[in-house]
C-alpha cells in the first residue's frame, strides 16, 4: 500500500473490520493500530473502543490485486455520497495516448487536493477515477466520493475548474467552459442483517430466511457466502434461493436468502456482501442448526418365556439435550412397576428393564428436543421352540422364529448401527436363513470423505471440491476393505446418486467426465463383491448408470465430437450415440448398436443384442443445434435381483406365466443429456435377441416381445411390441419391433398342443376367414366385371373393376401382414389402396354429375376426371412418402402411429378433402335427380332411376370401405378379441356388398351367357342415354355430342 494511500486513509478517518482481525502489540507511536490480514498489513487510525465493538461483525471485504495484496479503501459510507461529473476537453487529440486515463486522473486529483484545503472542506474528495473517455467528442466522465454535507463546496470546485478553462499544472489541458454535468447518488452502505429464527437454535428440516439491507447506487450487487465460500443456488440439489427486493426509496434495497429445509451442515457463518464497481461491504451472522434426535436401538431381540430383557436406547448426537420417553405397542406410555421400569442416561439415552417377560411385545423409544422428535422400535419376540418353527443360531446370528428378523451390531470399522437377517419358513416346519443385510453399516470413513462434497450439493460452492477428487478419494479408501458384507455397499450407492443428481443439476459435465473413472471403479467393486442385495437399490443403480451415460454422451459430442461411447461396469454393458441436429440434418435419425457387421465391435456384439433406434420425423426448426443422445444398457447375469418368471394378465385367459429368456435391454433417449419423457419425436426400436431355447418335452414355445416403461415399475406389456419376420422353433434369433423407447426383453412360455390349436383357432382363423370371404367375393366380382368390360368398355365399368382390384390387393396384404406380423410396409400400401377406393367412388359421382350438367364443349371430360381423381391423390401420397425418405431402408411404421408427424396431418387433410368433395358433389347431384324425377313424375325415364341406384350403391360401398379401414387399424393396434371379430366381419360384409351392388343388383341384370360372347350384342338393355350405354357421353368410346 503506497504512502499517499495511507495518508489519504488517515486523513479521512477510515475504519474497517475484516474476516479475522489480529491486533499487533508493536503499534507505532502515532496512535495507530496495525491489523494483520493474511497477505497484507493495513495501518488504520484507531477508532474509539465503543465504535470498534459496535461494528465488530461489519467489515469491508478485500479484493486481491495484481500484487496479491488485499487493499482496503473504505470510509464511513453512511455519511458519504458518490458524485458523477463530466467535462469536455477542448483538444483531446493533443493529450490522447495509452496513459490518458492515469494522466487526467492525476490532474483532477491534484486540483481537488490543492483547492479543498483553503475552503476548509471537512472531507477531501477521494477515490477519484475516470469512468469513460469519448475520443470523438472529448467528453471525460469521472466519479469520486465525498461527504454529503460538502455537496455545495464540491460543486463550487467543479464550477471553478471549468471557469478557469483548463486543468492546472505542468502541461495544462484546455477545457470547454460551457460543458459540465454533475449529479450525486448515495454511497454504498450495508445497514443490517436479520434472521427469521433464533440464530442459536434453528430446527433441522425447517425453513430459515436471512435478510440483508443496504443502500447504495442502482448498480450495487448482493452476494452471499457461507464460511467464506460463495453460495451458488443454481448447483444446489435442494430448494434454496435468493431474491432482491426494492424498498420505497430507490436507494434502499434488500436481498433475502431462503433455505427451505435446514441441514446440519448449514451451521456456520453466513455473509452478505454488497458491492458496486468501486467498493464492497459485508456483514456476517452465525447460525446454529439444532439437529433432530438420532435414536439407535436394536430392531429386534428373541428371548424365552420368563427371561429378563434389558433394552438400550442410545442417542448418537450427545452434545444436545434430549427428553426420552418409552411407548408400548398401543402407543401408550409404558407404565412403570416392579417388572417394567427405565432409567435415563446422562445425555446418552435410556435403558428399559423388563423382568419375567411372558409374551411378545413391541417397545418404542422416543427422543425429543427443540428441533422435533424421532423414535426407534424394537420387537421383543418370546419364542417357545416347542411350538413355533425357528432358525437355529448361526454364528453371530441368534436363534430366531420363522418370519422374524434377527439383529446384530455392525462389524468393526463400520458406522454405529445394526445389521439384520430374516428367518423364513420354506415348508412345513422347514426354515431357512436369508442373506444378511448390512445396509445400515456404512464404512466409517464414508461421511468424512464425502462431507465437503455434501456441502457443495447444498449450494456452498467450494472451488477445490470436485466430484472427480471425491470419488477417487472414496475409491482409494474402499480398496482397503478386506471383507465386504452383503448390503454394505448400499450407502455408497446413495452417495453416488447424490453425486449424479448434483452433476445433472449443475451441468458440470467436465467434472462428470473426469469423475467417470472413479464412478466406474466404485460400481465395479460393489457389484463384484456382492455388496448390494436390495433389488430396489439395484434398480436405482441401473437408472443412475443410464443417467450418467447420457450426460457423458452429450459431453463427448459437444466437446470432442465423439458420437459413440461404450463402457462396461461388471455385468452391465452400456453404449451411447449422439447426433446434433443441424439445418442439413435428416428428419430420421438412426443409431445402430452392437451391429454384428461392424468388425471393430464384433467381439462385444456377439454377446449383446443388436439394437437399432430411430427417431422419426425430427422437427429441424424446433430441435436445431440440439443434441439427441440415445443410450442402450444391457443387464446380464442380474437375474437374482429380477424375477425370472412373470404372470401377465390376459382378458380371456386369466394370468399366463412367462419366463424371461434374454438379458434386459434398456433404451433411453435424452435431449442435451437430460431425459424428457414427453413431447418427443416418434421413436422406433428394433432389437435382435439371441434366443436359443431348449426343446420342450410337450408342446411348443410361444415367444413374445415385451416392453416396460421403467425398471422401477416392471410391468411387462406384451401387446406394444411385435415379433418381426415371424419366429420358429428352429430359429435362434428373435427380432422385435417396438414403437417407443423403454425396457425390453423376450418372454416365452411352453404352449401345449391342444392350447396351441385352440389359440390358432380363436385368433388367426377368425381374421383369415373374414379376409378370405372378402377376397373370394371380390375376385368373383372382378372376373365378371372384367369380362363385361371387354365386351362393353365403359367408364363406370372401369371404375368398378378398379375398386374390385383394389379390394383384392387390400385383402392379400391383410393376409400377408397377419401371417408375418409386419405392418410397416403394409401401412404404405394400405394408404394407397384406400385412396384408390375413395377416388373410384368420387369418379363415379363426378361422371354422373357431368352427364346431368352436360358439357357440350368438353365432350371428352370423362377420361380426365378418372385420371385426375385417381392418379393425382395416389401420386401425392407416394411423393410425400418419398420426400420423407420412408422407403430408404429406414424402419417403416404404421402411419396411424405417427405422432406429431407432418405426413399424417397431410394425409388426413387429403382424406378429408376427398370426402368433402364427394359429399359436395353428392349434395348437388341428388337434388337435381330428384328435381328431374318430380318434374317428369310418371314419365320418369328408367335411366334416371338407374342413375339414382348407382349413387346409392356407391355410397353403400364407400361406407363399407371406411368401416373396414377403421376396423383394420383397431385390429393392428390392439390385437384384442373384439377388434378381431369386428375386422373379420367387416371384411366379409364388404365383399358381399360389392358382389351384391356390382353383380347381383347392378344397373343392368347380369347375364352370364353374354360373358362368353366375343362380340357385343347390337342392342343393349340400357337406355341410350344411360351412363353405361353406348350413346351416353360417359362411355369410354368418344361420341360426338350435339348442342341443345
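The values are calculated or read from the model by the stated rules, or taken from the named source; none is laboratory data. The shown structure was predicted, so the numbers you read here are calculated from the model rather than taken from an experiment. All Cβ positions, even for glycine, are placed from backbone atoms using ideal geometry, and neighbour counts span all protein chains on display.
Summary of computed values
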quantity: Some residue of region 221-234 being over 31 Å from the mean Cα position of the chain (by Cα), surrounded by fewer than 18 Cβ atoms within 10 Å (Cβ to Cβ) and at positive phi; calculated: yes
quantity: Criterion violated by residue 195 - all others in (1) surrounded by 15 or more Cβ atoms within 10 Å (Cβ to Cβ); (2) not assigned by TED's automatic domain parsing to the domain that holds residue 253 satisfied; calculated: (2)
quantity: Residue 452 without any contact (Cβ under 8 Å) to a residue 40 or more places away in the chain and part of a helix (DSSP H, G or I); calculated: yes
quantity: Unique residue being in contact with a helix residue (DSSP H, G or I) (Cβ under 7 Å, 6 or more places away or on another chain) and within 30 Å of residue 503 (Cα to Cα) when the list is 271, 288, 242; calculated: 242
quantity: Qualifying residue in region 304-314 (condition: in contact (Cβ under 8 Å) with a residue 24 or more places away in the chain and touching a helix residue (DSSP H, G or I) at 6+ places or on another chain (Cβ under 7 Å)); calculated: no
quantity: Residue identified as in contact (Cβ under 8 Å) with a residue 12 or more places away in the chain, touching a strand residue (DSSP E or B) at 6+ places or on another chain (Cβ under 9 Å) and loosely packed, with under 14 Cβ neighbours inside 10 Å among 396, 382, 361; calculated: 396
quantity: Qualifying positions in region 238-255 - surrounded by fewer than 19 Cβ atoms within 10 Å (Cβ to Cβ) and at pLDDT 90 or above; calculated: 238, 239, 241, 242, 243, 244
quantity: Residue within region 114-124 that is surrounded by fewer than 16 Cβ atoms within 10 Å (Cβ to Cβ) and modelled with pLDDT of 85 or more present; calculated: no
quantity: Subset tally (residues that are touching a helix residue (DSSP H, G or I) at 6+ places or on another chain (Cβ under 7 Å) and in a helix (DSSP H, G or I)) for region 457-495; calculated: 16
